[in-house]
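These notes are about the structure you will find just below.
The values are calculated or read from the model by the stated rules, or taken from the named source; none is laboratory data. All values derive from a computational prediction rather than experimental measurement. Neighbour counts run over all protein chains shown; Cβ positions are idealised from the backbone, glycine included. Each accessible area value is taken on the protein alone, full model and side chains, heavy atoms only, with ligands, DNA and RNA left out. Shrake-Rupley method; radii C 1.70, N 1.55, O 1.52, S 1.80 Å.
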Amino acid sequence: MKKSMNPVFLFVFLFLGISVFSQDKKKFSNIDGVMSKIIPDNKIDFWVLVHNSYGKNKEVKISGTKKEYVPQFAGFNLRPGEESFYYIVYSVGGKISYITEIKDLKDFMGKADNVEEAALSAVLEGYMIDEQFVDVAANYYEDASNYYLDLGKITSKECPYQKTHYTLTVNKSTGVISIVKDNGPYMEVYTKKCPNNPRLLKIEKKEEPKDEPKKQPVKKRK
């Protein structure tokens, strides 16, 4: 007769398994770090990633020998709700061009060469790298074939304002998102104007004054 597995050994085995899996999950440092990992597919003389925050330009990444360029006053925003934007300056054959719209980032990156570009490809599809909720919406793990990205998405701008997190399976060879798993909302913001606010919703009922019962006249005994 086979002996059953020692419960203590079983617990340790399961704990180690969970620990190993959790250690494989890595967090995206921040959006600047993700953007800095872009590897352009085309042959480029130089390129510069610029972050404009509240009117001030900061060169986040310089690749190649930078030449003079014209600072831009518009770009693509990767942090919803924040007054900031990014733009890219690059030169091909001595001609300087600018990327100020996020849709043009796809041609600049080309095929996803790393997990950061895979995440940015997902951003082009409407997802977001949520720096405020890294544990649920800005991390990943990988195996030999795929990247598994935990990213967020704004799923409602109405009442309540809502973010939902997803796990995306991205094929390393093709860069195609093959599976999207909905993990549910991770943030909901209700306002006083929300008719479905569970915290602030108060139904004010004005009670109508009740009429006092009329006193019956007392009959005098004869």
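See the values below:
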item: Strands (runs of 3 or more DSSP E) (entirely within segment 113-205) containing at least 3 residues that are open to solvent by 40 Å² or more (accessible area, probe 1.4 Å) and free of Cβ contacts under 8 Å to residues at least 24 places away in the same chain; result: 177-189
item: In segment 78-106, the residues that are among the small types (Gly, Ala, Ser) and open to solvent by less than 50 Å² (accessible area, probe 1.4 Å); result: Ser84, Ser91, Ser97
item: Residues that are farther than 17 Å from Ile102 by Cα, open to solvent by 60 Å² or more (accessible area, probe 1.4 Å) and not basic (Lys, Arg), drawn from segment 38-77; result: Asn42, Asp45, Tyr54, Gly55, Asn57, Glu59, Ile62, Thr65, Glu68, Val70, Pro71
item: Segment 80-112 - residue that is in a loop (DSSP other than H, G, I, E, B) and touching a Phe, Trp or Tyr at 6+ places or on another chain (Cβ under 7 Å) and, of those, nearest to Ile44 (Cα to Cα); result: Thr100
